[in-house]
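Take a look at the structure below.
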Amino acid sequence: MRLPEVKSNYGRLQFFIDGEWIDSQSNTVEQDTNPATGEVIAEFPVAREEEVNAAVEAAYRAFNEWRDFPLRDRARLLFNLRAKFEEHLDELSRVLTQDHGRTIEESRGSVRRIIENIESACSALYRLPRDNEYVDQLAMGIDEYLVWEPVGVFLVITPGNIPMHSWSSFVPYALACGCPIVWSPSWQCPVCANKITEVFEEAGFPPGVHNLVHVGKKVELNTVMFSHTHVQGVAFIGSTAVSRILFELAGKLGKRSSLNGNGKNHIVIMPDADIDQAVEYLLRGCFGMTGQRCLGTDNVVIVGDVYDEVRTKFKKAAMRMRLGYGLDEETELGPLTTQIGRQKVIQWIEQGLAEGAKMVLDGRTVVVNGYASGSFLGPTILEDVQIDMAIAREEAFGPVANLIRAGSLDEVIGWINTKTNLGHSACILTADGKNARRFVREVNVGNVGVNLGIPQPYSFFPLGSKRGSSFGGSHTRMDSVRLFMDQKTVTLRWV
């Protein structure tokens, strides 16, 4: 059954500044398309410098009021926000599918992750007073205590692959800590950003606490906002290249940052793994969200003599996947979010073939009836991939799997730790607890999975990425409290 679109066209999108929806005065306008149909579903102005500065100023004016908001009143608003997301879950899910391309089931899961992050932010808020420490009579007549204080205004920059979930990885925590934000979402899914902000508005927060501006492909405006005197830090999810630029700028400006980059993730299949179950994990890990997932995998490393069985069963299962518009509840694989992204993945595949990889299943020429203009790419499987090939070291970010043979677990751990400088995730599929424990302890990545395809941490755990996948002073989610709060030590003598 195909679910109805919330709207066929969302018109010209507005900015949200100081609690008001405003029409941009910009003459530069970009279009947003439905990745399944190729049809334009919205247009959005690219902000002028005066407009992004106005958003920062609004957040700055709101800071003193918001930081002094009583804790219980701040908590009430966050609980209101959670209720609003529950109320709008179906609508938000359909907008996400229409704007991003993922299946409706994946969209529902993403909105559920938002709700979990808001719950986690509420728990962080209630924990903050308990994190304060007080020592009575530290010395004769001297007491000392520690308090946590909000830092100020933050810039939040989110990517197109997880346009809603990424917002919730930072914003509820910033608000719980007393920090207003300016949100700069990706040009790829602007309708998602406006829909989230509409839901946020219903929760009743004070003006200026949450501001939204679209910079489109004019990403240098993010640097303008980050460099603004009133902005104390940046929270970013995107590429490693941009993370490095922002990290360097944060150092020069003396500002805080939480920066998340690319990954090159692995699923390791040991000889004792349940192969049928492993194939199910591979379908989700390699092809879920059309491969556009931070913790998704394109390196499938097979240890020992089960290679042929894995290859045969994986190919058969991938060939059965139903491609289509994600609002059709039978769809298992939607389109890539943009035609630009699709072309990059095709170039990545062609690079692998040029390096000597062989095609097992080719998704480049897939045809989806009724959606000739969509940015579809079918499941693609390559084999004879060597660990030193570029495609084994660089992220595909599409529905692609590299089959790589390995002789031992020692060899695999060495590859993961040395052949790439990226450290998002790695999974091992095995029935051997000794091997699993060793893998968990020795593999140098921040998110490890045992007998699953995607090691997605729950919201009150951080996304613990390492090496070139993460920069700055904190990770996302619950760990971002360290980004938004600072410590003050008070020593008193009354005697």
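The values are calculated or read from the model by the stated rules, or taken from the named source; none is laboratory data. As the structure is a prediction and not an experimental result, all values here were calculated from the model. In this analysis, Cβ positions are derived from the backbone assuming ideal geometry, glycine residues included, and neighbour counts consider all displayed protein chains.
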Tabulated pairs, segment 342-364, first within 27 Å of residue 38 (Cα to Cα), second in a helix (DSSP H, G or I) and not polar (S, T, N, Q), C-beta under 7 angstrom, 6+ apart or interchain: 348/391; 351/390; 351/391; 361/315; 361/318; 361/319; 364/346; 364/349
From the residues in segment 153-168 that are touching a strand residue (DSSP E or B) at 6+ places or on another chain (Cβ under 8 Å) and farther than 23 Å from residue 18 by Cβ, which one is surrounded by the fewest Cβ atoms within 10 Å (Cβ to Cβ)? 159
Out of 167, 148, sole residue that is closer than 29 Å to residue 229 by Cα and not in a helix (DSSP H, G or I): 148
Looking for whichever is surrounded by 24 or more Cβ atoms within 10 Å (Cβ to Cβ) and either assigned by TED's automatic domain parsing to the domain that holds residue 147 or among the β-branched types (Val, Ile, Thr) (or both) here; the options are 454, 428. Which one fits? 428
All positions within segment 1-51 that are touching an Asp or Glu at 6+ places or on another chain (Cβ under 8 Å) and basic (Lys, Arg): 2, 12
Going by the structure shown, is residue 33 surrounded by 17 or more Cβ atoms within 10 Å (Cβ to Cβ), closer than 15 Å to residue 217 by Cβ, of a type in the set (S, T, N, Q) and at pLDDT 95 or above? yes
Those residues that are assigned to a strand (DSSP E or B) and at pLDDT 95 or above, I need them from segment 1-12; list them, please. 12
Give segment 273-309 a look and list any residue that's over 20 Å from the mean Cα position of the chain (by Cα) and small (Gly, Ala, Ser), or say none. 273, 278, 304
State yes or no: is residue 414 in a loop (DSSP other than H, G, I, E, B) and of a type outside the set (A, V, I, L, M)? no
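Residues checked against (1) surrounded by fewer than 16 Cβ atoms within 10 Å (Cβ to Cβ); (2) out of contact with any strand residue (DSSP E or B) (no Cβ under 7 Å at 6 or more places or on another chain); (3) under 22 Å from residue 30 (Cβ atoms):
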residue: 221; (1), (2), (3): no, yes, yes
residue: 237; (1), (2), (3): no, no, yes
residue: 250; (1), (2), (3): no, no, no
residue: 253; (1), (2), (3): no, yes, no
residue: 259; (1), (2), (3): no, no, no
Condition check: over 15 Å from residue 300 (Cα atoms), of a type in the set (A, V, I, L, M, F, W, C) and not assigned by TED's automatic domain parsing to the domain that holds residue 300. Does residue 463 satisfy that? yes
Quick one: count up the residues across segment 302-341 that are touching a helix residue (DSSP H, G or I) at 6+ places or on another chain (Cβ under 9 Å), part of a helix (DSSP H, G or I) and loosely packed, with under 15 Cβ neighbours inside 10 Å. 1
Which condition breaks for residue 405 when tested against (1) farther than 30 Å from residue 356 by Cβ; (2) assigned to a strand (DSSP E or B); (3) of a type in the set (Lys, Arg)? (1)
Can you tell me how many residues within segment 154-207 are more than 19 Å from the chain's Cα centre (by Cα) and without any contact (Cβ under 8 Å) to a residue 60 or more places away in the chain? 1
Hey, among the residues in segment 64-80 that are within 11 Å of residue 177 (Cα to Cα) and of a type in the set (Phe, Trp, Tyr), which one's surrounded by the most Cβ atoms within 10 Å (Cβ to Cβ)? 66
Can you tell me which residue among 141, 160, 178 is at positive phi and out of contact with any Pro (no Cβ under 6 Å at 6 or more places or on another chain)? 141
Selection count where residues are surrounded by 17 or more Cβ atoms within 10 Å (Cβ to Cβ), of a type in the set (Lys, Arg) and modelled with pLDDT under 95, scope segment 112-152: 0
What number of residues within segment 243-286 are of a type in the set (Gly, Ala, Ser) and closer than 29 Å to residue 313 by Cα? 4
Output the number of the condition that residue 475 fails; it satisfies all remaining conditions of (1) outside the structural domain of residue 139 (by TED's automatic domain parsing); (2) part of a loop (DSSP other than H, G, I, E, B); (3) in contact (Cβ under 8 Å) with a residue 40 or more places away in the chain. (1)
